[in-house]
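The values are calculated or read from the model by the stated rules, or taken from the named source; none is laboratory data. Because the structure is a prediction, the values reported are computed rather than measured. Ideal geometry is used to build each Cβ from the backbone, glycine not excepted, and the neighbour counts take in all protein chains shown.
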Amino acid sequence: MTRQTKGRRMRWVEVERPETKRISRATATKVLRAAVATAPDPLPLLERLGAALMDEGGHREAIAAFDARAKADPARFTSWGRLAQCHNEIGEPATALAICDRAGGHGARVARARGAALEALGRRDEALESYRRAFGEDETDAIALDAVLRLLCRAADAAPLLAFCDALPATARFDVQKRAFRALACSRLGRREEASALIDPERHVMSFRFDPACESGGVDAFNARLAGWLLANTGATPTPRRDCVHDYALRHMRAPLLQELRAFFRQSFDAYIAALPALGLDRLMPPPVAGDIADGATFLRNEARNGEHVHRGRYLTGVYYVHTPQAIRTNVERRGRLAVGRCHETAGGHEPVWGARYIAPEPGMFVVFPAHMFHDVVPTRCSEWRIAIVADVEPAPIGGRELPMRYVQERA
């Protein structure tokens, strides 16, 4: 975390991701229902149906599917953690806890569901222990890790949070959580300079204006076409939050509008990386050797918000504004604004030393900041969609098939 790479540039690559035909969750669930109804032995399919219903937010139906499988053949039922979590989701933590007790040692998912049940029942210390166990059994369980960090944030003493961050494995996978929550711990412990060196919304945020090719007719015309394309081609997958839709399949798409915008994203990220010494970030977060762009479309309206979060597993985060409803462009209530640095809820009421910076969603602007910087969006309180593209720099996976950008552009 503290090594310095003087003048090092990141090499842009693209990990080959074949585009596959997408079907909605609702369609997948419909197919599974039909398979269960017609299969000679439907029991094995019930767990898959339950998982699909759970992902769609149909927790009561998922419980029915899981229960049917568990009662018919408990020895071969493997979804105890999912079943327990469904009961957590519908406000039945006591039932969830009983299911976890029945499951015994069925892995990280059960331990995580137990933690959620104990947390809902107000047994915070036991919940923390269960979440720690879940993460200990499966270091890829990001939900369990987030839960451990959340409970440590709300403890009376911030020293255990700092110790936990320092003890996380020294791999790039955990860099974002280490930096973000170490900053919170330092803020709570009164170590202001250390906290602000990690997160500083006034200093560590840069903005870039998109200037499309002349034939595009200017940024307003470009964004109007892009908004229409996004509404027609993304955001159709049903989610439990109907006013907050994220479509991460964008990165598999190669529409000319997207390719032109991605070239601008790469230029902007390169400029940010070149500015790392001036931003005071060159020693903290030297660039990866190679990086890829991971982008997605975000649609928000009414009271929806992203919630305070960081982008784990990423290096830099950028937000490009495609369409902003006229009703919130000139408002003085901060509606629809990007709240960079805000983590009051995550920190259990603590106001961090770095404060928050509210950035208006101006179409054509690309706002870039470290992936470990907490951020949220103020609800628009408007029925029209606020449309943005979130683009992250993702360190290229070791051993993955990495293609030089020149080759990818020629092939596209």
Checklist entry - If you go through the stretch 161-170 one residue at a time, do you hit one that is within 18 Å of LEU279 (Cβ to Cβ) and modelled with pLDDT of 95 or more? => result no
Item to check | Positions within the stretch 299-336 being among the small types (Gly, Ala, Ser) and under 30 Å from PRO287 (Cα atoms), in sequence order | outcome: GLY307, GLY313, GLY318
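With ALA96, ALA84, ALA111, ALA117 as the choices, which residue is modelled with pLDDT of 95 or more and touching a Ser or Thr at 6+ places or on another chain (Cβ under 7 Å)? Working first, answer last.
Working: ALA96 fails: touching a Ser or Thr at 6+ places or on another chain (Cβ under 7 Å); ALA84 fails: touching a Ser or Thr at 6+ places or on another chain (Cβ under 7 Å); ALA117 fails: touching a Ser or Thr at 6+ places or on another chain (Cβ under 7 Å).
Result of the check over ALA96, ALA84, ALA111, ALA117: ALA111.
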Checklist outcome for this item: Reported set for the stretch 208-224 where residues are surrounded by 14 or more Cβ atoms within 10 Å (Cβ to Cβ) and touching a helix residue (DSSP H, G or I) at 6+ places or on another chain (Cβ under 9 Å) is PHE208, PHE210, PRO212, SER216, PHE222
Checklist entry - What number of residues within the stretch 372-394 satisfy the criterion of being buried (at least 22 other Cβ atoms within 10 Å of the Cβ) and basic (Lys, Arg)? => result 1
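Considering only the stretch 25-34, I want to know if a residue exists there that is under 13 Å from GLN85 (Cα atoms), under 26 Å from the mean Cα position of the chain (by Cα) and surrounded by fewer than 19 Cβ atoms within 10 Å (Cβ to Cβ).
no
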Checklist entry - Considering LEU128, LEU151, which residue is among the aliphatic types (A, V, I, L, M), under 26 Å from ALA183 (Cβ atoms), in contact (Cβ under 8 Å) with a residue 12 or more places away in the chain and outside the structural domain of LEU46 (by TED's automatic domain parsing)? => result LEU151
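In the stretch 395-402, is there at least one residue being surrounded by fewer than 23 Cβ atoms within 10 Å (Cβ to Cβ), in contact with a Leu (Cβ under 9 Å, 6 or more places away or on another chain) and within 24 Å of ILE273 (Cβ to Cβ)? Explain how you work it out, then say what you get.
Narrowing the stretch 395-402 to residues surrounded by fewer than 23 Cβ atoms within 10 Å (Cβ to Cβ): 395-402.
After this cut, where a residue has to be in contact with a Leu (Cβ under 9 Å, 6 or more places away or on another chain) as well, the list is none.
Checked against the condition, which is being surrounded by fewer than 23 Cβ atoms within 10 Å (Cβ to Cβ), in contact with a Leu (Cβ under 9 Å, 6 or more places away or on another chain) and within 24 Å of ILE273 (Cβ to Cβ), the stretch 395-402 yields no hits at all.
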Checklist outcome for this item: Reported set for the stretch 262-292 where residues are touching a helix residue (DSSP H, G or I) at 6+ places or on another chain (Cβ under 9 Å) and of a type in the set (Gly, Ala, Ser) is ALA263, GLY280, GLY291
